[in-house]
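The values are calculated or read from the model by the stated rules, or taken from the named source; none is laboratory data. Predicted model only: the values in this text are computed from it and were never measured. Cβ placement follows ideal geometry from the backbone for every residue including glycine, while neighbour counts extend to all protein chains displayed.
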Amino acid sequence: MFKGGWFSSSRAASPAPAPALARDAGSSISLNGLDEQAEIIQVLRAMDLVMNDDIDTAEAELEAGGSLWHKLGQGATGFIRSAAGLEQAVMKEASDSLGAAETAAYAAQRHAIRSPRSTSSYPAGIEFALATAECQLMSALIGVLSESIVEAMKSFYKMRNAFKTLERVSKSIEEVKAKRLIADAGVSGGSSSLTVDTTAGSLGSEERGLLAAPGAHGGESSSHGNTAGGKAEPEFKNAVDEYIESGGNLCYGTLLLFIGMIPPAMSKLLSILGFHGDRIKGLECLWESANMMNSQGALAALILLVYYQLLQFCDIVEMDPTRGGMPREKCEKLLHEYREKYPNSPLWILEQARMCTQKKEVEQAIELLEFKRKPQMKQIDAICVFEKALNFMCLHHYEKAAKTFLQLIDLNSWSDAMYYYIAASCYVELYRSSITEGDAKKAEEWSKKSEELFLKVATHIGKKKFMARTLPLETFTDRKVKKWQRFAKERKCKLVEAIGVSPLEEMIYMWNGFTRMNDELIAQSLKNIEWQAPVEEGEKPKSCITEIDEKVVQSFLKGVLARHRGEYEKAKEIFEKEVASVDKLKLKEENWVLPSTQYEIAVVIWCESGMKEWKTIHEYLTRCASWETYELDNRLGLRASMGLDVLKHAAEP
């Protein structure tokens, strides 16, 4: 979800106001180690407020200071808004803030390296190098998410610079940790010839008081408690040390994980540009940061939880945590600890709701997302509402799902076309239910509502772009509506009558919603997929279900549901005989089905045999991942790429 970094502390989410500082708050470069630490702590506190959904207070505190740390805090807050909402105006403002912070950090670094004295256990100026890399990384990610291909290309250059800096920061962190271990061993043994300087720039009494502030939940600071990983957190005497270690691990871990997940063809290109991914190392870095229980650690924890949630998007999943699989108990403990630390934040409730969906507890997930307190940041509110809409869709609560998706149009501008399309598809199911029940009046009502929304899809296509391209799902929805309009005209019928296979069940597949369903919900989906409009004797069918591509889509979805019910032989037979055997030239419109079938067959074999059939599974996944360009190749091809990554790590000794 979010990638980037900011400032940390083991303080609570809402500590008491900081004592006034003696120096000029407008200075952008601190000439005094204690002043620098006090500035960092001020920003740490503000970022805790951001993580606890007190955005207004946090922004007021950040605007009150003029240091580079305050500028970076402002940029980080803007980055969160950008990543959550993908709104161009917000992204521009965040980019400007990050640019100002990067300039200030670079100037501070040049000044610091001329000074013979470090303010931490690390080489002079390394904290400013990390701040520069954080600015570059967040700015690069905003550029990649922008609608401009030029900005996206510039972003890879920024990301490369950040990556090189973070490599050096990570190496320094490992060296300092090694020295600490040797020093600790010497102390416990009674002597040591090696010491680590943790007193340079150590905290004064006022600054230490801030770090020891009581937690937001009323308890003591968690800086010395056990972490989700079962290890005690490092006890920092120096705020700069903590910033470097939690922030360095956060940013470097995020990049290693992200690059380690991308498709092979793109990863080869990135390696030429100087990038290399390492999923396992990336996860280790993120856990290291998350276990520090501060605002940077909170971001690392969110990335970890979102990553493990994304793993569920792929049906070929590593179960061994030592090889990158989800350590479920550890994640649940981490989530519980951060929810206690930031009790007002909706982000942790969202992650808890997502964990419920992994257990097929969809109704409980919806209950969690019925907030008594509305999130301050509307972009976060939109993410939570979207999650709730997906859950209503998977529960077959069509009217609630439709209303919730339409609610998103007022909350964000990510993809109005998709929101209209899914809401209209919900009304199609209500129309079909009314036809089955013989309620002509209700059927007419739902028919009009669905057609009204479907016709709005075309007017909103392309309003949101990714790297100058229309979103793939928007292209898909536009094509489907035009296809039905063509059939409605040819067969002289209403739009809703021309529709073939349930468009809602197709969307559920695209969002991997079948993984959230129990057997009862799967059975209802099967009824939806098999639905046929009643036809009087001698009357020609109006639905495009008569077309071969629609029949293939119908068979494909039946195979998917059979796989989810554990009927693997039946699923494989459907995929091989009714889908994969069809000439691809006959599926020019629904060209996503055949490559997806290669993936689905691989999943069936994985479910039956696991690594025993490694070679066969690898062949099917490779066919899917390397399929010629098709409508949803990035979206559906990602599942195959993630599956290949699981096989790769599972095959390692």
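Which residues, taken from the range 567-594, are touching a residue at least 40 places away in the same chain (Cβ under 8 Å) and over 20 Å from ASP633 (Cα atoms)? Step through it out loud before you land on a result.
Narrowing the range 567-594 to residues touching a residue at least 40 places away in the same chain (Cβ under 8 Å): 568, 589-593.
Answer for the range 567-594, where residues must be touching a residue at least 40 places away in the same chain (Cβ under 8 Å) and over 20 Å from ASP633 (Cα atoms): just TYR568.
Just give me the residues in the range 463-498 being surrounded by 15 or more Cβ atoms within 10 Å (Cβ to Cβ) and part of a loop (DSSP other than H, G, I, E, B), in sequence order.
Result: LYS463, LYS464, MET467, LEU471, ARG491, CYS493, LYS494.
Take the range 634-653 and flag every residue that is crowded, with 19+ Cβ neighbours inside 10 Å and either over 30 Å from THR322 (Cβ atoms) or of a type outside the set (A, V, I, L, M) (or both).
GLY637, ARG639, SER641, GLY643, ASP645
Given the structure, is LEU334 within 16 Å of the chain's Cα centre (by Cα), among the hydrophobic types (A, V, I, L, M, F, W, C) and outside the structural domain of TRP614 (by TED's automatic domain parsing)? Full working, then the answer.
Values: within 16 Å of the chain's Cα centre (by Cα): no; among the hydrophobic types (A, V, I, L, M, F, W, C): yes; outside the structural domain of TRP614 (by TED's automatic domain parsing): yes.
Against the criterion (within 16 Å of the chain's Cα centre (by Cα), among the hydrophobic types (A, V, I, L, M, F, W, C) and outside the structural domain of TRP614 (by TED's automatic domain parsing)), LEU334 does not qualify.
Every residue in the range 452-462 that is among the aliphatic types (A, V, I, L, M), farther than 30 Å from ILE142 by Cβ and surrounded by 15 or more Cβ atoms within 10 Å (Cβ to Cβ), please.
Of the range 452-462, the ones among the aliphatic types (A, V, I, L, M) are 453, 455, 457-458, 461.
Among the residues that remain, those that are also farther than 30 Å from ILE142 by Cβ are: 453, 455.
The one that is among the aliphatic types (A, V, I, L, M), farther than 30 Å from ILE142 by Cβ and surrounded by 15 or more Cβ atoms within 10 Å (Cβ to Cβ): LEU453.
I'm told GLY143 meets every condition in (1) surrounded by fewer than 18 Cβ atoms within 10 Å (Cβ to Cβ); (2) in a helix (DSSP H, G or I); (3) modelled with pLDDT under 90; (4) not hydrophobic (A, V, I, L, M, F, W, C) except one. Can you identify the failing condition by its number?
(1)
State all residues of the range 92-121 that are at pLDDT below 80, surrounded by 23 or more Cβ atoms within 10 Å (Cβ to Cβ) and not hydroxyl-bearing (Ser, Thr, Tyr); if no residue qualifies, say none. Talk me through it step by step, then tell me what you get.
Narrowing the range 92-121 to residues at pLDDT below 80: 115-119.
If we keep only those that are surrounded by 23 or more Cβ atoms within 10 Å (Cβ to Cβ) too, we end up with 119.
Correct list: empty.
Need the failing condition index for ILE545 against (1) assigned to a helix (DSSP H, G or I); (2) modelled with pLDDT of 95 or more; (3) crowded, with 17+ Cβ neighbours inside 10 Å, just the number.
Looking at each condition in turn, ILE545 falls short on (2).
Quick test of your reading of the structure: THR404 fulfils all but one of (1) surrounded by 22 or more Cβ atoms within 10 Å (Cβ to Cβ); (2) outside the structural domain of SER525 (by TED's automatic domain parsing). Name the failing condition by number.
Looking at each condition in turn, THR404 falls short on (2).
Within the range 491-508, can you find the residues that are at pLDDT 95 or above, more than 12 Å from ILE422 (Cα to Cα) and not hydrophobic (A, V, I, L, M, F, W, C)?
Within the range 491-508, LYS494, GLU497, GLY500 meet the criteria.
Can we say GLU63 is of a type in the set (Asp, Glu), crowded, with 22+ Cβ neighbours inside 10 Å and either part of a helix (DSSP H, G or I) or without any contact (Cβ under 8 Å) to a residue 24 or more places away in the chain (or both)? Quick ask: steps written out before the conclusion?
Numbers: of a type in the set (Asp, Glu): yes; crowded, with 22+ Cβ neighbours inside 10 Å: no; either part of a helix (DSSP H, G or I) or without any contact (Cβ under 8 Å) to a residue 24 or more places away in the chain (or both): yes.
The answer is no for GLU63.
Among the residues of the range 519-537, are any touching a Phe, Trp or Tyr at 6+ places or on another chain (Cβ under 6 Å) and part of a helix (DSSP H, G or I)? Even if it seems obvious, please write down each step before you answer.
Quick first cut of the range 519-537, residues touching a Phe, Trp or Tyr at 6+ places or on another chain (Cβ under 6 Å) only: none.
No, there is no match, as no residue in the range 519-537 is touching a Phe, Trp or Tyr at 6+ places or on another chain (Cβ under 6 Å) and part of a helix (DSSP H, G or I).
Show the residue pairs meeting these rules: Cβ distance below 6 Å; 6+ apart or different chains; first residue within the range 516-534 and over 17 Å from LEU430 (Cβ atoms) and in contact (Cβ under 8 Å) with a residue 24 or more places away in the chain; second residue hydrophobic (A, V, I, L, M, F, W, C) and surrounded by 12 or more Cβ atoms within 10 Å (Cβ to Cβ).
From residues that are over 17 Å from LEU430 (Cβ atoms) and in contact (Cβ under 8 Å) with a residue 24 or more places away in the chain, the pairs are ARG516/VAL362; ARG516/CYS394; MET517/CYS394; ILE522/LEU561; LEU526/LEU561.
Quick test for you: out of GLU367, GLU363, GLU387, GLU399, pick the one residue that is under 13 Å from ILE422 (Cα atoms) and not in a loop (DSSP other than H, G, I, E, B).
Values: GLU367 fails: under 13 Å from ILE422 (Cα atoms); GLU363 fails: under 13 Å from ILE422 (Cα atoms); GLU387 fails: under 13 Å from ILE422 (Cα atoms).
The conditions single out GLU399.
Modelled with pLDDT under 95, more than 22 Å from LEU453 (Cα to Cα), not assigned by TED's automatic domain parsing to the domain that holds ARG565 and not charged (D, E, K, R): does that describe GLY513? Walk me through it before giving the result.
Values: modelled with pLDDT under 95: no; more than 22 Å from LEU453 (Cα to Cα): yes; not assigned by TED's automatic domain parsing to the domain that holds ARG565: yes; not charged (D, E, K, R): yes.
Considered against the rule, which asks whether it is modelled with pLDDT under 95, more than 22 Å from LEU453 (Cα to Cα), not assigned by TED's automatic domain parsing to the domain that holds ARG565 and not charged (D, E, K, R), GLY513 comes out as no.
Condition check: modelled with pLDDT of 85 or more and closer than 25 Å to ILE259 by Cβ. Does ALA124 satisfy that? Step through it out loud before you land on a result.
Working: modelled with pLDDT of 85 or more: yes; closer than 25 Å to ILE259 by Cβ: no.
Considered against the rule, which asks whether it is modelled with pLDDT of 85 or more and closer than 25 Å to ILE259 by Cβ, ALA124 comes out as no.
Among the residues of the range 592-620 satisfying the criterion of being closer than 21 Å to PRO472 by Cα and not charged (D, E, K, R), which is farthest from the chain's Cα centre (by Cα)? Please lay out each step first, then the result.
Filtering the range 592-620 down to residues closer than 21 Å to PRO472 by Cα leaves 592-600.
Right, trim to not charged (D, E, K, R) and you get 592-599.
Numbers: TRP592: 24, VAL593: 26, LEU594: 27, PRO595: 25, SER596: 23, THR597: 26, GLN598: 26, TYR599: 22 Å.
Among those residues, the one meeting the criterion is LEU594.
Write out, first by first residue and then by second, each pair whose Cβ atoms fall under 8 Å of each other, whose residues are 6+ apart or on separate chains, and whose first residue, in the range 102-118, is in the same structural domain as GLY75 (by TED's automatic domain parsing) and under 13 Å from ALA133 (Cβ atoms) while the second is outside any helix (DSSP H, G or I) and of a type in the set (Gly, Ala, Ser).
Every condition considered, the pairs that remain are GLN109/GLY125.
Of all residues in the range 413-435, which are without any contact (Cβ under 8 Å) to a residue 40 or more places away in the chain and polar (S, T, N, Q)?
Scanning the range 413-435 gives SER433, SER434.
Which condition number does TYR620 fail, the rest of (1) buried (at least 22 other Cβ atoms within 10 Å of the Cβ); (2) under 25 Å from GLY500 (Cβ atoms); (3) not hydrophobic (A, V, I, L, M, F, W, C) being met?
(2)
Could you check, for the range 304-324, whether at least one of its residues is in contact with a Leu (Cβ under 6 Å, 6 or more places away or on another chain) and in a helix (DSSP H, G or I)?
Checked the range 304-324: at least one residue is in contact with a Leu (Cβ under 6 Å, 6 or more places away or on another chain) and in a helix (DSSP H, G or I).
Test LEU621 against the stated conditions and say whether it is over 16 Å from ALA650 (Cα atoms) and in a helix (DSSP H, G or I). It would help to see each step written out before you state the result.
Details: over 16 Å from ALA650 (Cα atoms): no; in a helix (DSSP H, G or I): yes.
So LEU621 does not fit the description; no.
Are any of the residues in the range 111-119 assigned to a helix (DSSP H, G or I) and among the polar types (S, T, N, Q)?
In the first step, residues of the range 111-119 are kept if they are assigned to a helix (DSSP H, G or I); the result is 111-113.
Next, only the ones that are among the polar types (S, T, N, Q) stay: none.
Scanning the range 111-119 turns up no residue that is assigned to a helix (DSSP H, G or I) and among the polar types (S, T, N, Q).
Tally up the residues in the range 40-57 that are surrounded by fewer than 24 Cβ atoms within 10 Å (Cβ to Cβ), in contact with a Ser or Thr (Cβ under 8 Å, 6 or more places away or on another chain) and not charged (D, E, K, R), please.
Final tally of qualifying residues: 2.
Take the residues in the range 513-525 that are of a type outside the set (Ser, Thr, Tyr) and surrounded by fewer than 17 Cβ atoms within 10 Å (Cβ to Cβ), then tell me which one is nearest to LEU636 (Cα to Cα).
We begin by selecting, within the range 513-525, every residue of a type outside the set (Ser, Thr, Tyr); these are 513-514, 516-524.
Okay, now just the ones that are also surrounded by fewer than 17 Cβ atoms within 10 Å (Cβ to Cβ), so 518-520, 522-524.
Values: ASN518: 23, ASP519: 24, GLU520: 26, ILE522: 21, ALA523: 24, GLN524: 24 Å.
Only one residue fits best here, namely ILE522.
I'd like to check something: does the range 418-436 contain any residue that is in a helix (DSSP H, G or I), within 16 Å of ILE383 (Cβ to Cβ) and charged (D, E, K, R)?
No: zero hits.
In the range 566-606, what residues are of a type in the set (Asp, Glu) and surrounded by fewer than 15 Cβ atoms within 10 Å (Cβ to Cβ)? So that I can check it myself, show each step before the final result.
Filtering the range 566-606 down to residues of a type in the set (Asp, Glu) leaves 567, 569, 573, 576, 578, 583, 589-590, 600.
Hits for the range 566-606 are GLU569, GLU573, GLU576, ASP583.
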